[in-house]
Amino acid sequence: MHNSGKSTIPSMEQRKSQINLLNFMDQEKQRRDSKEFLFPDDNLLHKRRPSAHDHSATQSEDDESAGSFESYMVIEFDKNIKRDALHWIIDKIRMRKSDGGAQLLIRREPCQSKEKGLIIHISASKLRLLELADEIGFTKPTRNGMRNFNIGCLDDFLFDNMTMDDILTPADKQFVIKYALENIKAQADERQLPGYAAVSLYHGQSIIHAAMSEELIVNMFTLHDKEFMKRIGTEWWNLRKMFYNQPIEKIRKYFGDAIGFYFSFVGFYTSALVIPTILGILQFLFGDGETTPYFCCLYVVWMAVFLEIWKRKCSAMAYKWGTLSLATIELPRPDYYGKLGRDPITGKLTPQYPQWKTMTQVYLISVPVILLCIGGAAFMTISQFWFEDYLIEKFGYESYITMIPSIFQSIFVAILTVFYDRFATFLTVKENHRTQNQYERHRVNKLIVLEFVNNFFCLFYIAFVKRDMKMLQNQLMTQMLILQFVQNAQEFLLPKLKQKYVLWFCCDGGIFNKHNDDNEIDTKRLTEVYDDLNIQQLDDDDPRIKQNIRESAKDEYNTYDDYLELYIQFGYVVLFSSVAPFAAFWALFNNFFEIRLDAYKLCKTFRRPFARRAKNTGAWQLAFEVLACLSIMSNCGILYLSPQVREITEGMSTELKVIIIVALEHFLLLLAWIIHKGIPDRPSWVRIALARNDYESKQALKREVNYKPTIIICQILLTVVLYVSLPKYIVYLE
């Protein structure tokens, strides 16, 4: 095994080893179909079998037997899609990369009903998966540390009895398949979608996303691995294992980095809530006006230390997962549109959209609309208190009727949370941000502002306008408990009921069980119609067919809703901790079961989400930090207004009271800043590993410059060997 520095320049012996390894991967396929030949390393020769529509489309899916075909993606087309468009998209998926295709493998499901369109399963050969991983630039572990994956140095990534199947995780394979599909771009002469003259395309546009936006593709998702679901369930959401650590590494390998970070965060946050829970109990038992400022200091220390340690934990996980050094030059989002132009950094042709148009959309449309929503939410909150005052005046303060406005406000807040999620997505899509990180950051910022006003405005109104601390405590706990109940119902019960309804309609008494003569004739006719696509069909009893029916009825999952729930909960815990000491206890109690509920719904209630690469919790880290700073100011303001502090400072002037509170606030902010600077974002071992990788890369670059003549000679010799041996393979096949 070469060391990390030298391995970037493969020797002739190492290169020969790679060829043998790749040749071993493909030899079974060569025996099954001797008519089609793919040279195992440099793709020097492709012999294609033409489809009925496009002679340049490869049929490499016939290289895979039905038993070994692994479904990485399922695509369902609209039943009314034009034939030309369907043939064109199918050919693009299986066409060679050099011809503008994705070079993937395809199987189709037998036609079950005339109400459903064509359903295909997407896979790829092992070699194609590794090529895509090399193209994307995955960082993978080697014996000597983390390195960018290079298919030409395959030996370096095989250690400790690893096989080539172990290099890419299930999430990696799903990611590269989705990447290949989304990067099927329209060519310069492809100006419109075949069969749809009104659907125009521009050079470099994602064809799959264009078809999805026109609803020609109605579904695209990944099937769950049933065996993995059974194994992970026994150690993740099983209540008997609720005191065990989550299997984060297994979660990350199956669901991807972003979901791995979420469940790691919620577990770490739940464990950290033990400290404010203990502080809250002590505050309830022994707290008074004199000790409250000390408890505020302890809460600030907890918040700052919790957020900084989490950042260190993120850095450690990101390094181990190979995402810490994600490229700063990001590719445009598949949904990003604009006039095709040459990127000034990479020199590649990419969509170009004027930045001033995006900023115009942000500041002249999104910001005013957000402010209007904030004003509406504030008006509803104030109206609630007006109505509550009216009920108190009419029925008395002790009447249960006076609780109606608070309950209504809590339900209204929970409902608006769902609306704001979709509304923020709509506005951010219209802004047309270039990269996925920019899109997510702007979307999260909108959600943060909207949800902050939606959930906390009434609490600030009670605290600083009505100045009723007892009402503040009751309203906070009411909102917190109702919100948690409503959100759990929305996340679990509603998707489950929807799934049951769709499955009953489709499977029990619906379209897939109408086994009459007319339906059999229609499905047989559709099967014959799809035969001209020249796609091998799955067996009628293939379990993936029924699994697809069930999982297509499920909703899509994303981490936005779960992060938002934690963000709001964190606000309830820290913004008014001086008057609600038991908020942390209820948050801890809720999260103890929330982890298992989230795990269960992710595996059982929702579709398998698309894997996403991430190096931290993204914009949510900043959101939590901002909330922590605001909590310092809000708690100091509540201290100034609290009756206990007023009794202690009764003999002081108003100016002196304000000076003391402002000084306390500045001291706490300074304390948080000191903790922020005193705890490095990255552990020392991560910094050392990064510095070592940088040093070895520079040394490898020097050796590459020094040995360049030798490399050129080796390349010439290798080329001669390939071209001399190539006719022998052709003669053998013939």
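Miscellaneous remarks
For (1) touching a helix residue (DSSP H, G or I) at 6+ places or on another chain (Cβ under 7 Å); (2) closer than 30 Å to N635 by Cβ; (3) of a type in the set (S, T, Y); (4) modelled with pLDDT of 90 or more, each residue gets a yes or a no:
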site: N558; (1), (2), (3), (4): no, no, no, no
site: R596; (1), (2), (3), (4): yes, no, no, no
site: T605; (1), (2), (3), (4): yes, no, yes, no
site: W620; (1), (2), (3), (4): yes, yes, no, yes
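- Applying the criterion of at least 2 residues that are within 30 Å of F286 (Cβ to Cβ) and in contact with a Phe, Trp or Tyr (Cβ under 9 Å, 6 or more places away or on another chain) to the helices (runs of 4 or more DSSP H) found wholly in region 572-673 leaves 583-600, 619-641.
- Taking region 360-393 as the range and being under 32 Å from the mean Cα position of the chain (by Cα) and of a type in the set (S, T, N, Q) as the test, the residues that pass are T360, Q361, S366.
- Residues that are within 19 Å of W620 (Cβ to Cβ), in contact with a Ser or Thr (Cβ under 6 Å, 6 or more places away or on another chain), assigned to a helix (DSSP H, G or I) and not β-branched (V, I, T) do occur in region 440-448.
- Region 191-223 - residue that is among the charged types (D, E, K, R) and touching a residue at least 12 places away in the same chain (Cβ under 8 Å) and, of those, surrounded by the most Cβ atoms within 10 Å (Cβ to Cβ): E214
- The listed residue being small (G, A, S), open to solvent by less than 10 Å² (accessible area, probe 1.4 Å) and under 23 Å from the mean Cα position of the chain (by Cα), out of A180, A85: A180
- Leading residue by the ranking (modelled with the highest pLDDT) among those in region 44-76 that are acidic (D, E) and open to solvent by 10 Å² or more (accessible area, probe 1.4 Å): E76
- Breaking point among (1) touching a residue at least 24 places away in the same chain (Cβ under 8 Å); (2) over 30 Å from L340 (Cβ atoms), for D166: (1)
- Verdict on I648 being closer than 19 Å to F570 by Cβ, β-branched (V, I, T) and out of contact with any strand residue (DSSP E or B) (no Cβ under 7 Å at 6 or more places or on another chain): no
- One residue alone among I638, I648 is more than 23 Å from Y461 (Cα to Cα), modelled with pLDDT under 90, surrounded by 13 or more Cβ atoms within 10 Å (Cβ to Cβ) and not polar (S, T, N, Q), and that residue is I648.
- For region 136-163, a tally of residues being part of a helix (DSSP H, G or I) and either free of Cβ contacts under 8 Å to residues at least 24 places away in the same chain or in contact with a strand residue (DSSP E or B) (Cβ under 7 Å, 6 or more places away or on another chain) (or both) returns 2.
- Just one of the numbered conditions (1) modelled with pLDDT of 70 or more; (2) surrounded by fewer than 17 Cβ atoms within 10 Å (Cβ to Cβ); (3) not aliphatic (A, V, I, L, M) is not true of P351: (2).
- For region 636-663, a residue qualifies if it is of a type in the set (A, V, I, L, M) and touching a Lys or Arg at 6+ places or on another chain (Cβ under 6 Å), and exactly one does: L641.
- A Cβ distance below 6 Å, combined with a sequence gap of six or more or placement on separate chains, defines the contacts here; from region 469-489, residues that are closer than 17 Å to S577 by Cβ and hydrophobic (A, V, I, L, M, F, W, C) reach no residue that is open to solvent by 40 Å² or more (accessible area, probe 1.4 Å) and outside any helix (DSSP H, G or I).
- Taking the criterion of being touching a Lys or Arg at 6+ places or on another chain (Cβ under 9 Å) and either surrounded by 21 or more Cβ atoms within 10 Å (Cβ to Cβ) or small (G, A, S) (or both), the residues of region 618-635 that qualify are G618, A619.
- Hey, F295 out of contact with any helix residue (DSSP H, G or I) (no Cβ under 7 Å at 6 or more places or on another chain) and at pLDDT below 95 or not: no
- Residue among T478, T428, T417 that is within 32 Å of the chain's Cα centre (by Cα), modelled with pLDDT of 85 or more and open to solvent by less than 60 Å² (accessible area, probe 1.4 Å): T428
- From the list A85, A102, the lone residue that is out of contact with any His (no Cβ under 7 Å at 6 or more places or on another chain), under 30 Å from D532 (Cβ atoms), part of a loop (DSSP other than H, G, I, E, B) and in contact (Cβ under 8 Å) with a residue 12 or more places away in the chain is A102.
- Taken over region 351-406, the criterion of being closer than 24 Å to K446 by Cα, touching a residue at least 40 places away in the same chain (Cβ under 8 Å) and not in a helix (DSSP H, G or I) is satisfied by Y353 alone.
- Contact map, region 307-320: residues that are among the aromatic types (F, W, Y) paired with residues that are part of a helix (DSSP H, G or I) and open to solvent by less than 30 Å² (accessible area, probe 1.4 Å), Cβ distance under 8 Å, separation 6+ or inter-chain. Pairs shown: W310/F265; W310/Y269; W310/Q621; Y319/V686; Y319/A689.
- Failed criterion for H515 (all others in (1) closer than 29 Å to E115 by Cα; (2) assigned to a helix (DSSP H, G or I); (3) modelled with pLDDT under 75; (4) open to solvent by 40 Å² or more (accessible area, probe 1.4 Å) hold): (2)
- Top-ranked residue in region 306-331 [being of a type outside the set (V, I, T), surrounded by fewer than 19 Cβ atoms within 10 Å (Cβ to Cβ) and at pLDDT below 90; ranked as farthest from V266 (Cα to Cα)]: L331
- From the options K116, K79, K92, residue that is buried (at least 21 other Cβ atoms within 10 Å of the Cβ) and in a loop (DSSP other than H, G, I, E, B): K116
- Some residue of region 245-255 being among the aliphatic types (A, V, I, L, M), under 27 Å from A623 (Cβ atoms) and in a helix (DSSP H, G or I): yes
Residue-wise test of (1) β-branched (V, I, T); (2) touching a helix residue (DSSP H, G or I) at 6+ places or on another chain (Cβ under 6 Å); (3) more than 14 Å from A85 (Cβ to Cβ).
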{"position": "I167", "(1), (2), (3)": "yes, yes, yes"}
{"position": "F175", "(1), (2), (3)": "no, no, yes"}
{"position": "I184", "(1), (2), (3)": "yes, yes, no"}
{"position": "Q192", "(1), (2), (3)": "no, no, no"}
{"position": "E214", "(1), (2), (3)": "no, no, no"}
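- Options L416, L391, L340, L364; residue that is among the hydrophobic types (A, V, I, L, M, F, W, C), over 30 Å from I688 (Cα atoms) and in contact with a Gly (Cβ under 7 Å, 6 or more places away or on another chain): L340
- Residue in region 253-262 that is open to solvent by 60 Å² or more (accessible area, probe 1.4 Å), over 28 Å from L566 (Cα atoms) and charged (D, E, K, R) present: no
The values are calculated or read from the model by the stated rules, or taken from the named source; none is laboratory data. Just so it is clear, the structure is predicted and the values come from calculations on it, not from any experiment. Because the Cβ atoms are built from the backbone with ideal geometry, glycine has one as well, and the counts that use them run over all protein chains shown. All accessible areas refer to the heavy atoms of the entire protein, side chains included, with ligands and DNA or RNA removed. Shrake-Rupley method; radii C 1.70, N 1.55, O 1.52, S 1.80 Å.
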